[in-house]
Amino acid sequence: MCLGTIAPSLAADAPAVAPVPQLPVNDFARFPLLRDVVMSPDGKYLAGSYEVDQTAGTNSKFQLIVFALPSLKVTARLNFAPWHMPGLITWVGSTRLVVSENKVTGSLAAEQPTGDIIALNADGSQQRTLYSIAARGTPGASFNMMDMVDGNPTVVGPTHGMNGHVFIELHPFPMNVSTRNESAHRTILYDVDSISGYPRQVAEIGHGQAQFFMHGDQPIYALGHDRRLQEVVYLPNGHDGWKPAPAGVFGKVFDPLWVTPGGRGVYAQYSADGGPNELIRCAFDGGDKQVLASSNFGSVNRILWSPRDHRVPIGVTFTATFKGGVPAVDYLSNDRWAQIHQALMQAFPGEFIDFAGMSTHGNTILLFAFSNSDPGEYALFDSKTMHVQPLMQVMPWFKPGQLAAREPIRFKNSGGMELDGYLSFPVGVPHKNLPLVLLPHGGPISIRDSWAYTSDAEQLAGFLANRGYAVLQVNYRGSGGRGLDFQHLGYRQFATGIQNDLTDGVKWAIAKGYVDPHRICVFGASFGGYSSLMQPIVAPTLYKCAIDYAGVSDWRIEMDRSVYSHISTGNESYMQYVGDRADAKAISPLFMLDRFNVPVLIMQGGADNIVPPQNAERLRDKLEAMHKPYEWLWFGNEYHGFQTEPHLVAMFNKVQAFLARYLGPGAGTTAH
């Protein structure tokens, strides 16, 4: 059974020559059919996360689904409880896999691990719960599970021999539940037999939330952070001991990726001083560094690898570097695998071809082709016959040429700093004098908008462009993809520098002639919702309306009620990013509403624990008391961003009516 429509080819979409009619709202309210697809080591199976029913309201259901290749016959389904879904999917053998369970916390937020880890065969047999926080201490808990400490588990990966074992890290719960300092705790590494569930402790470090990196079946690094959230690399120090690496040896960023052939060093993403991340090769102790790929503007953001039996990086892409309209590939070799990738990129212009999976020896490659207007399609590639077999599209309801292309842009802000971003134009319409929606991304620190049509923000951009609006997305200071120093530029700049970057982006688009300066709205979610409230305050003559979707109106609510306020790293982040409570109030739009003079649409989920609903409620109440125009959309059972299709349909309908009212012909001043 194939979940998606079999596509005739992976060829790039032909450019549209006429305006595209409005697509059904429901098309934009749907999520990809299949996500997080991974290939088995022998290339005979695929496994992924599949949403069974998006219309089920509060009972939205997901499955882990396994397919045989090349037929796509379903061989196993693992059902999850409502609002729970597959997390990390890891093959630990040719026919056995391990999956963690996540809880859905809204379309704007990453899913949160529940603490359950399950193993099963590719045919669905021999299912075993390897770990479960909820099941510990109950009659159903296995003896083997109880041999591991009580804590939060994380799957590290398979053992070197892919023999059905899996490495699991456990971060023990503190004995004193009131403590918030994770760095005082431990991290323990187990080798777990996925069939019997038997665990064997491999390593332990007296540092909470550490991550182990393996060579063979032994950890050679433990990666953590200090109380100031600075990265710390720990090295083995005798039998089961660990010591911090000497200062400066591993720079400000060190992310080991894979052991080099011969087992004498590692490939890693690295930044010595906080600039854009490079790809390096170095000895295990951090010496003998060799830079393989780097860029002055952006970090290495995608790495192409050769097969597992002799794995080396064959090419990289960098943040915001393009060639021929697609991310530019810097090839690091001219071996067979690099030549194959170059040939595929040339065969399908306009698409980026990613090696999404490989069999151990590289005979079978899982390709994922996508672009700035194509949500993507999976295909199988036989490296012996050079044959491509299309498998499935992730959003088959969108046809070639229907979605707006997300054009990469660069401009300089008023201070001379070069920024990047994206402009989406309505298909088939001249890029001149268009109504504009500024779509600031969330985060704000370390998050960025991307070229690919893959995330919630890009789906919003596609919808707005289909309704006739140009859409501007700016990777302002603090955004990810350009190194730690660039991220740090966003600290204590939420209401100033970041907002100025967004305003400068709008002014740049106006100066280019793309935008009608009298028809501009701002629409953001999460931190973007905060920016939607701040933009009309800092640029009072620029906007006709604003849309606040799960946005922050008072940063003190975040400090008191957000899920991040309950952990030490969250509190430290607020101090670094925002400051103290007086600083938080000073940058909160709730206390600047005397300068806010545009109609605003407020959209919020009542169960949101990331941007608690008091942000929306207090904003609404104060606007009403001040007799300022607003509109309201609320779903009490939604979390951080609406997840269910009926609620998303309602949101898109509300948004398009609101924008038409204030940016369309004959715009009025209708309030609530």
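The values are calculated or read from the model by the stated rules, or taken from the named source; none is laboratory data. Fair warning: this is a prediction, and the values are worked out from it, not measured in the lab. All Cβ positions, glycine included, derive from the backbone under ideal geometry; neighbour counts span all protein chains shown. Calculation scope for accessible area: heavy atoms of the full protein, side chains included, ligands and nucleic acids excluded. Shrake-Rupley method; radii C 1.70, N 1.55, O 1.52, S 1.80 Å.
Extension gain, Asp382-Ala582: 0.36 nm per intervening residue step, less the Cα-Cα distance, totals 65.9 nm.
Based on protein heavy atoms only, segment 551-622 ends up with 37 Å² per residue of surface accessible to a 1.4 Å probe. The candidates Trp555, Trp242, arranged from most to least accessible area with a 1.4 Å probe in the full protein assembly, appear as Trp242, Trp555. Potential lengthening of the chain between Ile133 and Arg618 amounts to 171.0 nm, from the contour at 0.36 nm per residue minus the alpha-carbon distance. Taking 0.36 nm per residue of separation and subtracting the Cα-Cα distance, full extension of the segment from Tyr491 to Lys243 would add 86.2 nm.
Shape of segment 316-396 from the C-alpha gyration tensor: oblate (a/c of 1.5 or more and a/b not above b/c, with a ≥ b ≥ c the square roots of its eigenvalues).
Here Lys243 is the anchor, and the aspartates and glutamates within straight C-alpha reach of less than 17 Å, apart from those fewer than 8 places off in the same chain, are Glu204, Asp226, Glu231, Asp285.
Would you be so kind as to identify which of Gln201, Asn102, Phe173 lies farthest towards the positive end of the dipole of the chain, taking Lys and Arg as +1 and Asp and Glu as -1 on Cβ and the Cα centre as origin? Checked the options; the winner is Asn102. Annotation: per residue accessible area for segment 234-382 equals 41 Å², rounded to a whole number [probe 1.4 Å, protein chains only]. With a Förster radius of 22 Å applied to the C-beta separation of Asp150 and Tyr564, the computed FRET efficiency comes to 0.45. Of the residues Val316, Ala616, Val192, the one whose Cα sits farthest toward the positive end of the charge dipole of the chain, with +1 on the Cβ of Lys and Arg and -1 on the Cβ of Asp and Glu, is Ala616. Only protein heavy atoms count here; under a 1.4 Å probe, Phe322 has an accessible surface of about 60 Å².
For segment 404-519, the per residue solvent-accessible surface stands at 32 Å², with DNA, RNA and ligands left out and a 1.4 Å probe.
Heavy-atom accessible area for His488, with the other protein chains in place and a 1.4 Å probe, reaches approximately 70 Å². Measuring between their Cα centroids, segment 521-557 and segment 312-341 lie 38 Å from each other. In the neighborhood of Asn609, defined by Cβ-to-Cβ distances under 13 Å, what is the net charge if each Lys or Arg adds +1 and each Asp or Glu adds -1? That sum, taken over residues with Cβ under 13 Å, equals -2. Accessible area ranking (1.4 Å probe, heavy atoms, ligands and nucleic acids excluded), largest first, for Lys622, Lys384: Lys384, Lys622. Solvent exposure of Arg561, expressed as accessible area, is near 120 Å², computed with a probe of 1.4 Å over the protein chains only. Cα centroid separation, segment 200-234 to segment 451-512: 35 Å. Of all the accessible heavy-atom surface of the chain, with the other protein chains kept in place and a 1.4 Å probe, what percent is carbon and sulfur? Result for the chain: 51 percent of the exposed heavy-atom area is carbon or sulfur.
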